[in-house]
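Please read the structure below before turning to the comments.
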């Protein structure tokens, strides 16, 4: 082989190794978009909440809002997406409260008033700490805790479900893994097969036995709709798939409207979805 050919192979090898070594840092750059300041607070929407702080096992201090109700209804542990903070989910929280469902929403490390810097392992610890807060501080029975994870939050939800007892889980706009997402992005597509499968949601969902509701917008412009279908196919029963026609990545609950929250409430209370209601949003 000509000398130039050997150098070219060595150069390509060095680039691949370098890319793999720094991939996690690159991945974090593209994954996390935290905002520390709040755009609004619950009082702006006349919502009553408890302002709470709790610690993770590695000594980060996290912040969240617990929204109580008079009835001892199930509690949704809300794991939000990768951008902004809990203040950007207040409209969604209000709709859930209108369905007579208690909500606990918290910020990951580096988001809102929570300390630290976000990372995959860190976010998993954050989710477990939020769950432990509900069980140990609020005395919520595990079977009354329903995990809800949207987009990046689905990865945290699945990790909690693997490590703790819960009533059920809801995944919305969930991706299969970071490797799967890399295949959809031009920048990473060429090296996708060489990358590690961080946030391996597809592998984890097959290990979870509690009831599962998987929601996905059919026109999701960020996480392809087929990923939601793959998650559903791998999941073990009992499971429900809730496709929402004309919905993108961030507007599922808006496009889904009243039926979206009715179905969500039915699942939270009974771990079931009325079949006619589900068909209403299918093609």
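A few remarks follow.
Listed here are the residues, each with its yes/no results for (1) crowded, with 24+ Cβ neighbours inside 10 Å; (2) at pLDDT below 95; (3) closer than 25 Å to residue 33 by Cβ.
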site: 146; (1), (2), (3): yes, no, no
site: 153; (1), (2), (3): yes, no, yes
site: 157; (1), (2), (3): yes, no, yes
site: 171; (1), (2), (3): yes, no, yes
site: 187; (1), (2), (3): no, yes, yes
site: 193; (1), (2), (3): no, yes, no
site: 207; (1), (2), (3): no, no, no
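- In the range 113-128, the residues that are buried (at least 23 other Cβ atoms within 10 Å of the Cβ) and under 22 Å from residue 168 (Cβ atoms): 123, 126, 127
- Residue tally, condition part of a helix (DSSP H, G or I) and in contact with a helix residue (DSSP H, G or I) (Cβ under 9 Å, 6 or more places away or on another chain), over the range 113-124: 3
- The residues in the range 231-254 that are assigned to a helix (DSSP H, G or I) and surrounded by 18 or more Cβ atoms within 10 Å (Cβ to Cβ) can be counted, and the count is 4.
- Residue list for the range 216-241, restricted to those being touching a helix residue (DSSP H, G or I) at 6+ places or on another chain (Cβ under 6 Å) and within 11 Å of residue 172 (Cβ to Cβ): 216, 217, 231
- Condition check for residue 201: surrounded by 17 or more Cβ atoms within 10 Å (Cβ to Cβ) and modelled with pLDDT of 95 or more: yes
- Yes/no for residue 260 being assigned to a helix (DSSP H, G or I), modelled with pLDDT of 95 or more and on the phi < 0 side of the Ramachandran plot: no
- Pairing residues of the range 216-236 that are without any contact (Cβ under 8 Å) to a residue 24 or more places away in the chain with residues that are surrounded by fewer than 19 Cβ atoms within 10 Å (Cβ to Cβ) and not in a loop (DSSP other than H, G, I, E, B), at Cβ distances under 6 Å and at least 6 apart in sequence or on separate chains, gives 232/241.
- For the range 209-229, the set of residues classified as part of a helix (DSSP H, G or I) and surrounded by 19 or more Cβ atoms within 10 Å (Cβ to Cβ) consists of 227, 228, listed by residue number.
The values are calculated or read from the model by the stated rules, or taken from the named source; none is laboratory data. None of the values given here were measured: they were computed from a predicted structure. In this analysis, Cβ positions are derived from the backbone assuming ideal geometry, glycine residues included, and neighbour counts consider all displayed protein chains.
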